[in-house]
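Here's the structure we're looking at; comments come further down.
Every read-out reported here was derived from the displayed coordinates using simple, explicitly stated rules and does not represent laboratory data. The structure presented is a predicted model; accordingly, all values stated were derived computationally and were not measured. So basically every Cβ, Gly included, is an ideal-geometry build from the backbone, and we count neighbours across all protein chains shown.
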Amino acid sequence: MSTERSGAEILVETLVAKGVEFVFGYPGGAVLPIYDALFGEDRIRHILVRHEAGAAHAAEGYARATGKPGVVLVTSGPGATNAVTGIADAFMDSIPMVVITGQVPTALIGTDAFQEADTVGITRHCTKHNYLVKDVADLATIVDEAFHIATSGRPGPVVIDIPKDVQIAHARWTGRAPQRRTRYDPQVAAAPAVIADAVAMIAAAERPVFYTGGGVINAGPAASEHLRALQALTGAPVTSTLMGLGAFPADHPAWLGMLGMHGTYEANMAMNQADLIVAVGARFDDRVTGRLDAFSPLSRKIHVDIDRSSINKTVRVDLPVIGDCAVVLAQMIDAWRAAGHEQTDQTGWFARIDGWRARDSLGYPLRGQDIMPQKAIERLYQLTRHRDPVISTEVGQHQMWAAQHFHFTAPNKWLTSGGLGTMGYGLPAAIGAQAGLPDALVIDIAGDASIQMNIQELGTATQYRLPVKVFVLNNEWMGMVRQWQELTYESRYSNSYSDSLPDFVKLAEAYGWKGIRITTMDELDAGIQAMIDHPGPVFVDCLVVKEANCFPMIPSGAAHTDMILYGDDVAGTMDDAAKALV
Amino acid sequence: MTSTPAAAQERHVLTVMVDNEAGILAKIAGLFTARGYNIDSLTVADITERHDISRITIVTHGPPAIIDQIRAQLERLVPVHKVVDLTELGPYVERELALIKVAGTGNLRVEALRVADIFRAKVVDTTTSSFVFELTGSPDKIDTFVTLMKELGLVEVGRTGVVGMVRGASAA
């Protein structure tokens, strides 16, 4: 049945048809018609955030935890520009997201109208694709294509900018979006010959390592299962990037821990000494490789990625395998079996790995009743692991400690801003995840500085009765900034002290949260337990040893073999070339 | 890539077929600036009767690894249908059109006309003291012509940038 409907109504109908459960948004002048269409709409739940950055990060958290695309709705001008950080974050970390922005009426575009910004121009290079809808007749098709683009291939954010007059104008609506030719159809399976070469290289390797990344998570739970199966066939040890944690179980004997700047000694040494690296859904980020000309110098390299532009971008590889991680890993399992490959004897390889493991690179000294931040994470892990929690983080020392000391055995449990490194990500991401997974234990592990970047979202959790937990490792510093100042700038602590901190417990209580402060080791377990036991949202202000730093660490621009382990002297300065590195 | 010796720079001519939609040119030009790639010239025009597909010709230079990245990055854009590296593909023709204004009298004017004749440039505008020449050819040929005209009263030059096409019967 064909009827005439407004653009706003068509948008809502199309979102429903795409299976959208939640929209994270904030109203404003240029989206009022859409908000009116959402009024009384019970098929879509709108989560009203307190700042548009929160909407974008909440959509990211929802997407990462549920595997479904996150949807954002914001107004023109400042609504759109406030969302840009979250859009850029989703672009860097390949998070599927559809962002609907209102725009001033078509006739006013380009006149510097009230709340006008060139949203399509501003987001052009931090979206996978974007649209300005000029004709209401195109709207449904565009929304349909936007979801396809956001969720297929290498996922990413797509912006749809809709002028207010287009939201009001009417078009024919038949109950579904008119289909048009698919112009975006990425290759998901690799050529059989390439797969055969890849498994033959693995079968011939004496010191192989799987180096896996966020692509394995993005490819869905099947990819993680296939990774485990392929590891079981080949026997090779596995390391992962920050974004890939959980794809391979951290309690597995072949697990090396995270690699890179704050990765384990065994993971980085294994990369350095390997004769074969199998990169799966990882992109040789600078935080992983360290100094490029010293990166894994003895290895041949296989690179599995759905995005050809990730291949040979920074590190030359011997065998590119273009395809979806889940599909390619399944192809490799079949090919391994079909070729009758046998596991090579890696006893010697694992003996060397055990030698590196014995360095206990994540070790740290205890400080009596003072809480070491690593210990706080360890206890948090031990006391919550049976609940299979979803963990989000902000960005900084606490994030790295969480990656090192909280262990994951399943995908989609770890939500963190990896590529862009966005402080303020964790609280809204936890809110988005909790919306999608109402029964899960969702904890934002945060720092005292990061949490303040989107702390207004405490109100969002209160409003929707989302029982998220915030666990702040409070050292009264922007800890990672201070750590770099110690390492690089002779401890001149320029603006890295968290002065004038609020009383977080009182602040949380003012928002209707339960607030808990933990100050000594004696209180640690009881405080964490009280947090878990409370049915509503809880803010834990955990006061930790102020001067603790995050180790091990590969200084920026150094080789994997130049790790600083705990207790090494890190005070010092660097030459200008080293200072210029990020 | 730090501390690797600079790889040899290569000049490549790429043709890019794109959906003729708003912002596509900004997207491609912005990709080059954002990632620090070079654009020596860029031409664009729609080439279909329905005006839905444009053909962009980009002349760029860089080490082979960067050229490969440029191609991969272009292919990643949703409105991009096809990227062809003509330099990589094999024999191709490339042409550029230039308008060159020369002013002068007497011997200079006669000499300018003689050189134009040698280059098969057409006179498309004339006054008693000036010519506008139209010249089509490879960028090299146009460079040479412009250099010669500098001594013969060159006033200004306009160039279209290169369009290219693979030789032979089939499309690239």
Please state the equivalent ellipsoid semi-axes for the stretch B:39-94: what are the square roots of 5 times the Cα gyration tensor eigenvalues, largest first, in whole Å?
21, 14, 10
Under 19 Å between alpha carbons, and skipping anything fewer than 8 positions from A:K506 in its own chain: which lysines qualify?
A:K469, A:K514
With the convex hull built on the Cα atoms of the stretch A:313-360, state its orientation-averaged projected area in nm².
6.0
Expressed as a rounded percentage, what relative contact order does the stretch A:355-458 have, with Cα pairs under 8 Å and six or more residues apart?
31
Cut-off 15 Å between beta-carbons: net charge of the residues surrounding A:S224, Lys and Arg +1, Asp and Glu -1:
-1
Give me the compactness ratio for the stretch A:105-163, meaning the Cα radius of gyration over 2.2 N^0.38 Å.
1.20
Most exposed to least, judged by fewest other Cβ atoms within 10 Å, A:F295, A:F471, A:F406 sort to A:F295, A:F406, A:F471
Within 10 Å of each residue's Cβ, count the other Cβ atoms and sort A:C325, A:C126 from fewest upward.
A:C126, A:C325
Give the span of the stretch A:378-443's Cα atoms along each principal axis, as three whole-Å numbers ordered largest to smallest.
30, 26, 17
Grab the Cα-Cα distance for A:T111 and A:L581, subtract it from 0.36 nm times how many residues apart they are, and report the gain in nm with one decimal.
165.1 nm
Binned at 10 Å from zero, the C-alpha pair distances of the protein assembly as shown give percents of 3, 13, 20, 23, 19, 12, 6, 3, 1, 0, 0
Members of A:K128/A:K579; A:K128/A:K164; A:K313/B:K82; A:K579/B:K27 lying beyond 29 Å, as alpha-carbon distances in this model show
A:K128/A:K579; A:K579/B:K27
Note: probe point = Cα of A:T409 + 7 Å toward Cβ; backbone nitrogen < 19 Å; residues of the stretch A:224-241 passing the test are A:224-232, A:238-240
In whole percent, the Cα-Cα distances of chain B spread across 5 Å bins from 0 upward as 1, 8, 15, 16, 14, 13, 11, 10, 7, 3, 1, 0
In nm², the average projected area of the convex hull spanned by the Cα atoms of the stretch A:235-296 is 4.1
Counting only residues 5 or more apart in sequence or on a different chain, those whose built amide H sits under 5 Å from that of A:R367 are A:M372
Going 7 Å from the Cα of B:A26 toward and past its Cβ, which residues in the stretch A:133-156 have a backbone nitrogen under 15 Å from where you end up?
A:133-134
Which aspartates and glutamates, if any, have their Cα less than 17 Å from the Cα of B:K150, not counting same-chain residues under 8 positions apart?
B:E111, B:D117, B:E134, B:D140
Take the Cα pairs of the stretch A:203-244, get the Kirkwood Rh, then feed it into Stokes-Einstein at 37 °C and 0.692 mPa s and tell me D in µm²/s.
305
Going by C-beta contacts inside 10 Å, put A:K375, A:K546 in order with the fewest on the left.
A:K546, A:K375
Roughly how many nanometres apart are two label points built 7 Å out from the Cα toward the Cβ at A:S494 and B:V123?
6.6
Helix B:107-118 vs. chain B, principal-axis angle (Cα, 0 to 90°, nearest 10):
50
The relative contact order of the stretch A:287-405, taking Cα pairs under 8 Å that sit 6 or more residues apart, comes to a percentage of 15
Can you compute the FRET efficiency between A:T174 and A:L48 using 1/(1 + (r/R0)^6), with r the Cβ-Cβ distance and R0 = 35 Å? Round to the nearest 0.05.
0.65
Restricting to Cα atoms and excluding each atom paired with itself, what does the Kirkwood estimate give for the stretch A:286-385 in Å?
18.2
